[in-house]
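Peer 1: My questions will all concern the structure given below.
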Amino acid sequence: MKIAMIGTGYVGLVSGACVADFGHQVTCVDKDVSKIDALNAGEIPIFEPGLKELVASNVRQGRLSFTTNLAEGLDGAGAIFIAVGTPSRRGDGHADLSYVYGVAREIAGALKGFTVIITKSTVPVGTGDEVERIIRELRPDAQFAVVSNPEFLREGAAIHDFKHPDRIVIGLEDERAKAVMTGIYRPLFLNQAPILYTGRRTAELIKYAANAFLATKITFINEIADLCERVGADVQEVARGIGLDNRIGSKFLHAGPGYGGSCFPKDVRALIKTAQDYDVPMRILEAVESVNDTRKRAMARKVAAAFSGVLRGKTVAVLGLTFKPNTDDMREAPSIPLIVALQDMGAKVRVHDPEGMQQARQVLTDVTYCDGPYDCIEEADAAVIVTEWEQFRALDFDRLKDLMACPVIVDLRNIYRPEDMQRQGFAYTCVGRSSAFQPAAVYVPATQLGRSSAESPA
């Protein structure tokens, strides 16, 4: 089947490459000339494990191509995916649907024969209705169906998620579209991936409800972590204890600095706004959003606690900037408000991330960018692990102590065990576990007392 994918962002590029790998003929269309030129030159604008190889393979075999010419991309396509951005609208938090509706208007002028138009972008309930209205108004003679087919891709594991989905949600109002959608996803039948056919509005809401629920689960375990610190419990054991209950499950029960990324923050916000439009209060989600926003900045207090609340003049090394490992995505990453809070407290900040440095430079100022973790922590008074990259899971403790002005580790992802870190001579704190945190001055080796950047931790 010939398929057009409108948008070559994260969702569009991953979806286009995977659908092409199924054997379909896919043309990805984007207005960004520089992005299309880069893709045609074999350069991938985002970091996603395996994506560069997948794109190259399908381009080489003639199943995947890229163009800025919409008419060229839509020519002969039996299915058109809309995979453009739907960021939070400035000022009110609603999803900005201007790109979706703009694409709908452009598609209308190019339709030939029966075509299935599929919204892959995350869109509020009723968006499919409006897309259909726009096209019918411009082309009352056109034969088409509008379908909602939300994506459920995890950054860092998107290719696996697309090819081995927990479910495929397809929302439609025209039965003619079912055969087309079945044809697109037929290769997944071997994996026995369940296909859930629903109404279009239901499919749109499933996506938002799923992300909002996962965000709620993360926020819940983060608040349990705060309680664990006060009562002397271990949040990891609590998470395991409740996660073994099949009604709850173990995923998304990892305490940390709060959720971020391109999906959860904007989708929670958009769902709250949609509910408000229909006079339905979403008190739980309003609390989730508030708690999460506050938590990111509050993590700086964990660092300040090592120095009796005083960070002025201290150097803090931040390891990990992206909102999760195996991506270069900095959108609403917990590292951003954390670093801003550290700077507001008077700290000098050094940073390193294996993949996110280029994106970070667009949002973080007055920080020192370092080439590696050991370069980053050199002469630092404290190191903060913000993102659980594999590169940070087996750091050389002896080397750390030799390089750091003061061996203070603040582990916001609970990578290490408190007892192991204390045995190694670090002042160590984490999230939701007893770390027996002691004043940093106790841990300053005699050989380091003369270093100017470690002057008597307050």
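Peer 1: Surrounded by fewer than 21 Cβ atoms within 10 Å (Cβ to Cβ), free of Cβ contacts under 8 Å to residues at least 24 places away in the same chain and outside any loop (DSSP other than H, G, I, E, B): which single residue out of Arg247, Arg240 fits that description?
Peer 2: Just a single option satisfies the conditions, and that option is Arg240.
Peer 1: Checking the conditions here, which among Leu227, Leu190, Leu205 is of a type in the set (A, V, I, L, M, F, W, C), out of contact with any helix residue (DSSP H, G or I) (no Cβ under 8 Å at 6 or more places or on another chain), surrounded by fewer than 15 Cβ atoms within 10 Å (Cβ to Cβ) and at pLDDT 95 or above?
Peer 2: After ruling out the rest, the residue left standing is Leu227.
Okay, residues lined up against (1) β-branched (Val, Ile, Thr); (2) touching a residue at least 60 places away in the same chain (Cβ under 8 Å); (3) open to solvent by less than 40 Å² (accessible area, probe 1.4 Å):
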position: Met299; (1), (2), (3): no, yes, yes
position: Leu311; (1), (2), (3): no, no, yes
position: Val316; (1), (2), (3): yes, yes, yes
position: Leu319; (1), (2), (3): no, yes, yes
position: Asp329; (1), (2), (3): no, yes, yes
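Peer 1: Look through Ala225, Ala177, Ala193 and report the one residue that is in contact (Cβ under 8 Å) with a residue 40 or more places away in the chain and within 30 Å of Asp129 (Cβ to Cβ).
Peer 2: Step by step, each of Ala225, Ala177, Ala193 is checked, and only Ala177 is in contact (Cβ under 8 Å) with a residue 40 or more places away in the chain and within 30 Å of Asp129 (Cβ to Cβ).
Peer 1: Got a sec? Which of Leu403, Leu412 is open to solvent by 20 Å² or more (accessible area, probe 1.4 Å) and either at pLDDT 95 or above or not polar (S, T, N, Q) (or both)?
Peer 2: Leu403
Peer 1: Further question on the same structure: On the basis of being of a type in the set (Gly, Ala, Ser) and either modelled with pLDDT under 95 or closer than 15 Å to Gly156 by Cβ (or both), does Gly9 make the cut?
Peer 2: yes
Peer 1: Going residue by residue through the stretch 108-120, is there one that turns out to be at pLDDT 95 or above, within 29 Å of the chain's Cα centre (by Cα) and farther than 24 Å from Leu153 by Cα?
Peer 2: Within the stretch 108-120, none of the residues are at pLDDT 95 or above, within 29 Å of the chain's Cα centre (by Cα) and farther than 24 Å from Leu153 by Cα.
Peer 1: Let me ask something else. Are there any pairs with C-beta distances below 6 angstrom linking a residue in the stretch 200-222 that is under 21 Å from Ala333 (Cβ atoms) to a residue that is of a type in the set (Ser, Thr, Tyr) and crowded, with 18+ Cβ neighbours inside 10 Å, with the two at least 6 apart or on different chains, and if so which?
Peer 2: If the second residue must be of a type in the set (Ser, Thr, Tyr) and crowded, with 18+ Cβ neighbours inside 10 Å, the pairs left are Ala215/Tyr259; Ile218/Tyr259.
Peer 1: Report the residue count in the stretch 150-172 for those that are in a loop (DSSP other than H, G, I, E, B) and either charged (D, E, K, R) or buried (at least 22 other Cβ atoms within 10 Å of the Cβ) (or both).
Peer 2: Number of matching residues: 7.
Peer 1: I would also like to ask the following. Which of the residues belonging to the stretch 196-243 are in contact with a Cys (Cβ under 8 Å, 6 or more places away or on another chain) and aromatic (Phe, Trp, Tyr)?
Peer 2: Answer for the stretch 196-243, where residues must be in contact with a Cys (Cβ under 8 Å, 6 or more places away or on another chain) and aromatic (Phe, Trp, Tyr): there is none.
Peer 1: Given (1) open to solvent by 10 Å² or more (accessible area, probe 1.4 Å); (2) over 25 Å from the mean Cα position of the chain (by Cα), identify the lone condition not met by Ile377.
Peer 2: Unmet condition: (1).
Peer 1: For the stretch 377-429, which fully contained strands (runs of 3 or more DSSP E) count at least 1 residues that are free of Cβ contacts under 8 Å to residues at least 60 places away in the same chain and either among the aliphatic types (A, V, I, L, M) or more than 20 Å from Pro354 (Cα to Cα) (or both)?
Peer 2: Those strands (runs of 3 or more DSSP E) span 408-411, 427-429.
Peer 1: Tally the residues that are open to solvent by 50 Å² or more (accessible area, probe 1.4 Å) and closer than 23 Å to Ala225 by Cβ, restricting the search to the stretch 250-286.
Peer 2: 7
Peer 1: Out of Asp92, Asp141, report the one residue that is part of a loop (DSSP other than H, G, I, E, B), surrounded by fewer than 17 Cβ atoms within 10 Å (Cβ to Cβ) and touching a residue at least 12 places away in the same chain (Cβ under 8 Å).
Peer 2: Selected residue: Asp92, the only one of Asp92, Asp141 that is part of a loop (DSSP other than H, G, I, E, B), surrounded by fewer than 17 Cβ atoms within 10 Å (Cβ to Cβ) and touching a residue at least 12 places away in the same chain (Cβ under 8 Å).
Peer 1: Please go through the stretch 50-87 and pick out each residue that is within 24 Å of Glu355 (Cα to Cα), surrounded by fewer than 21 Cβ atoms within 10 Å (Cβ to Cβ) and either modelled with pLDDT under 95 or in contact with a Leu (Cβ under 8 Å, 6 or more places away or on another chain) (or both).
Peer 2: Hits for the stretch 50-87 are Leu51, Gly85, Pro87.
Peer 1: Cβ-Cβ distance below 7 Å, separation of 6 or more or different chains: which pairs start in the stretch 146-170 with a residue that is farther than 17 Å from Ile195 by Cα and in contact (Cβ under 8 Å) with a residue 24 or more places away in the chain and end on one that is among the aliphatic types (A, V, I, L, M) and in a strand (DSSP E or B)?
Peer 2: Val146/Ile117
Peer 1: Give all pairs with beta carbons closer than 7 Å in which a residue from the stretch 14-41 that is at pLDDT 95 or above meets a residue that is in a helix (DSSP H, G or I) and charged (D, E, K, R); count only pairs at least 6 apart in sequence or on separate chains.
Peer 2: Cys18/Lys163
Peer 1: Follow-up. Anything in the stretch 89-128 that is within 25 Å of Asn211 (Cα to Cα) and charged (D, E, K, R)? List them, or say none.
Peer 2: Arg89, Arg90, Asp92, Asp96, Lys120 - these are the residues of the stretch 89-128 that are within 25 Å of Asn211 (Cα to Cα) and charged (D, E, K, R).
Peer 1: Can you go through Glu355, Glu332, Glu378, Glu419 and tell me which one is among the acidic types (Asp, Glu) and within 24 Å of Gln236 (Cβ to Cβ)?
Peer 2: Glu419
Peer 1: Related question: Mind listing just one residue for me: the one in the stretch 78-107 that is over 20 Å from Asn149 (Cβ atoms) and acidic (Asp, Glu) and, of those, nearest to the chain's Cα centre (by Cα)?
Peer 2: Asp96
Peer 1: Please specify each residue of the stretch 332-357 satisfying the condition of being open to solvent by 10 Å² or more (accessible area, probe 1.4 Å), part of a loop (DSSP other than H, G, I, E, B) and touching a Phe, Trp or Tyr at 6+ places or on another chain (Cβ under 7 Å).
Peer 2: Selection gives Glu332, Pro354, Glu355.
The values are calculated or read from the model by the stated rules, or taken from the named source; none is laboratory data. A quick note: this is a predicted structure, and the numbers were derived from the prediction, not measured. Methodologically, a virtual Cβ is constructed for each residue, glycine included, from the backbone with ideal geometry; neighbour enumeration extends over all protein chains shown. Keep in mind that these areas ignore ligands, DNA and RNA; they rest on the heavy atoms of the full protein, side chains included. Shrake-Rupley method; radii C 1.70, N 1.55, O 1.52, S 1.80 Å.
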